[in-house]
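Have a look at the structure below, then the notes.
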Amino acid sequence: MRDLGSIGIWAFLDMMPARESQRLARLVEELGFGALWIPEAVGREIFTSAAVLLAGTEKLVVATGIANVWARDAMAMVAAQKTLAEAYDGRFLLGMGVSHEPMVNAVRGHAYDKPLTYMREYLDKMDSAPFFAHEPAEPPERVIAALHPRMLELARERSAGSHPYFVPPGHTAVAREILGPGKLLAPEQAVCLQTDPVKARAWAREHMKIYIGLSNYRRNLENLGFEAADFDDGGSDSLVDAVVAWGDMDVIRERVGQHQEAGADHVCLQVIGPDMTHVPTAEWEALAAALL
């Protein structure tokens, strides 16, 4: 696997023209971050988007956070993974996951049933899928977006590691214990470079409102000790502060250190602004200066 470095950027780039997202990927590369993680939800198709970003960069790893296994069959997943890995000299990393019941049932029209079994069988199909095309120089790696113990165990057994999303450092410690040594652990960490607690928590709650309504994320946070009341009214201060690191650069540096001490190899920083249209170039520059 290509070295991701200790810090990466996780970003929604779908709200801008593709050429502009490509320019921002070059900026992430120039600032010295090792990887750029991009999502798949109801916007751009993730492999197409990754190809655009890879074409505009030279060294940066572009990683999917995450490619939805319900969006394409296993043969298509492998074909896309190998095509990008071969074309861009191993700079593509496949992060994949089972998504969430509302996204799978209501949005995509599938049946979200036994996601762990579905993922295991999907991996079997990936491993046996034919690919009659020029192979990458090295077999490409995959990581699984895993929150709960059995999915983390599957990530340990069948992948290069895990990319947990929407998690505090306490989850990183649990994930490392289950994954064991030698597996990549790359948690996403939301950060808000805003020192006013009222503004910072308001921005954080706006970011969190979709996620705390999804049972996979909520159940994971409950397993880490949060109670039902913590999810009321957009999230208690303690929940907000656990999920989103806000404040000055010392606070951000401390939170990254907590993930690293808990066992993270690579921390993916997602900058939270006042709304989805905010382009955090100034924050990326500040983070690079302070952390790289």
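Which condition number does Ala190 fail, the rest of (1) assigned to a helix (DSSP H, G or I); (2) farther than 16 Å from Gly263 by Cα; (3) of a type in the set (A, V, I, L, M) being met?
Exception for Ala190: condition (1).
Every residue in region 58-71 that is more than 16 Å from Glu40 (Cβ to Cβ) and either out of contact with any strand residue (DSSP E or B) (no Cβ under 8 Å at 6 or more places or on another chain) or at pLDDT below 95 (or both), please. Before the answer, list the steps.
First pass over region 58-71, keeping only residues more than 16 Å from Glu40 (Cβ to Cβ): 58-61.
Across region 58-71, the qualifying residues are Glu58, Lys59.
Would region 224-240 turn up any residue that is buried (at least 17 other Cβ atoms within 10 Å of the Cβ) and out of contact with any helix residue (DSSP H, G or I) (no Cβ under 7 Å at 6 or more places or on another chain)?
There is no residue in region 224-240 that is buried (at least 17 other Cβ atoms within 10 Å of the Cβ) and out of contact with any helix residue (DSSP H, G or I) (no Cβ under 7 Å at 6 or more places or on another chain).
Taking the condition touching a residue at least 60 places away in the same chain (Cβ under 8 Å), part of a loop (DSSP other than H, G, I, E, B) and either over 30 Å from Glu283 (Cα atoms) or of a type in the set (Ser, Thr, Tyr) (or both), does Tyr165 pass? Can you show your working first?
On the way: touching a residue at least 60 places away in the same chain (Cβ under 8 Å): yes; part of a loop (DSSP other than H, G, I, E, B): yes; either over 30 Å from Glu283 (Cα atoms) or of a type in the set (Ser, Thr, Tyr) (or both): yes.
Answer is yes for this residue.
Please state which one of Arg176, Arg201, Arg150 is assigned to a helix (DSSP H, G or I) and surrounded by fewer than 19 Cβ atoms within 10 Å (Cβ to Cβ). If you could, list the steps in order and put the result at the bottom.
Details: Arg176 fails: surrounded by fewer than 19 Cβ atoms within 10 Å (Cβ to Cβ); Arg201 fails: surrounded by fewer than 19 Cβ atoms within 10 Å (Cβ to Cβ).
Answer to the check: Arg150.
Return the total of residues in region 73-91 being surrounded by fewer than 17 Cβ atoms within 10 Å (Cβ to Cβ) and either of a type in the set (Lys, Arg) or closer than 13 Å to Leu123 by Cα (or both).
Qualifying residue count, region 73-91: 3.
What number goes with the only condition from (1) touching a residue at least 60 places away in the same chain (Cβ under 8 Å); (2) outside any helix (DSSP H, G or I); (3) in contact with a Leu (Cβ under 7 Å, 6 or more places away or on another chain) that Asn216 does not pass?
(2)
Return the residues of region 137-147 that are out of contact with any strand residue (DSSP E or B) (no Cβ under 7 Å at 6 or more places or on another chain) and buried (at least 18 other Cβ atoms within 10 Å of the Cβ); say none if nothing qualifies.
Filtering region 137-147 down to residues out of contact with any strand residue (DSSP E or B) (no Cβ under 7 Å at 6 or more places or on another chain) leaves 137-139, 147.
Residue satisfying the conditions is Leu147 alone.
Identify the residue in region 48-72 that is polar (S, T, N, Q) and either over 23 Å from Leu185 (Cα atoms) or out of contact with any Leu (no Cβ under 8 Å at 6 or more places or on another chain) (or both) and, among all such residues, is surrounded by the most Cβ atoms within 10 Å (Cβ to Cβ). Give the steps one after another, and end with the answer.
Of the residues in region 48-72, the ones polar (S, T, N, Q) are 48-49, 57, 64, 68.
In the following step, the residues that additionally are either over 23 Å from Leu185 (Cα atoms) or out of contact with any Leu (no Cβ under 8 Å at 6 or more places or on another chain) (or both) were identified as 48-49, 57, 68.
Working: Thr48: 10, Ser49: 21, Thr57: 19, Asn68: 23.
Across region 48-72, the extreme among qualifying residues is Asn68.
State the number of residues belonging to region 72-82 that are touching a strand residue (DSSP E or B) at 6+ places or on another chain (Cβ under 8 Å) and either modelled with pLDDT under 95 or farther than 19 Å from Gly43 by Cβ (or both).
Qualifying residue count for the region: 1.
Please verify whether Val191 is loosely packed, with under 13 Cβ neighbours inside 10 Å, farther than 23 Å from Phe92 by Cα and either within 18 Å of the chain's Cα centre (by Cα) or not polar (S, T, N, Q) (or both), treating the condition exactly as stated. Break it down stepwise before answering.
Numbers: loosely packed, with under 13 Cβ neighbours inside 10 Å: no; farther than 23 Å from Phe92 by Cα: yes; either within 18 Å of the chain's Cα centre (by Cα) or not polar (S, T, N, Q) (or both): yes.
No.
Quick check on my filter: what residues within region 22-38 are surrounded by fewer than 23 Cβ atoms within 10 Å (Cβ to Cβ), free of Cβ contacts under 8 Å to residues at least 60 places away in the same chain and either assigned to a loop (DSSP other than H, G, I, E, B) or small (Gly, Ala, Ser) (or both)?
None - no residue of region 22-38 is surrounded by fewer than 23 Cβ atoms within 10 Å (Cβ to Cβ), free of Cβ contacts under 8 Å to residues at least 60 places away in the same chain and either assigned to a loop (DSSP other than H, G, I, E, B) or small (Gly, Ala, Ser) (or both), so the list stays empty.
Is it true that Ala85 is within 30 Å of Leu24 (Cα to Cα), assigned to a helix (DSSP H, G or I) and modelled with pLDDT of 95 or more? Even if it seems obvious, please write down each step before you answer.
Values: within 30 Å of Leu24 (Cα to Cα): yes; assigned to a helix (DSSP H, G or I): yes; modelled with pLDDT of 95 or more: yes.
The answer is yes for Ala85.
When you scan region 241-262, do you find a residue that is crowded, with 17+ Cβ neighbours inside 10 Å, more than 24 Å from Leu292 (Cα to Cα) and of a type in the set (Val, Ile, Thr), even just one?
For region 241-262, residues crowded, with 17+ Cβ neighbours inside 10 Å, more than 24 Å from Leu292 (Cα to Cα) and of a type in the set (Val, Ile, Thr): absent.
The values are calculated or read from the model by the stated rules, or taken from the named source; none is laboratory data. Everything numeric in this text was worked out from a predicted model, so none of it was measured. Cβ: placed from backbone, ideal geometry, glycine included. Neighbour counts: every protein chain shown.
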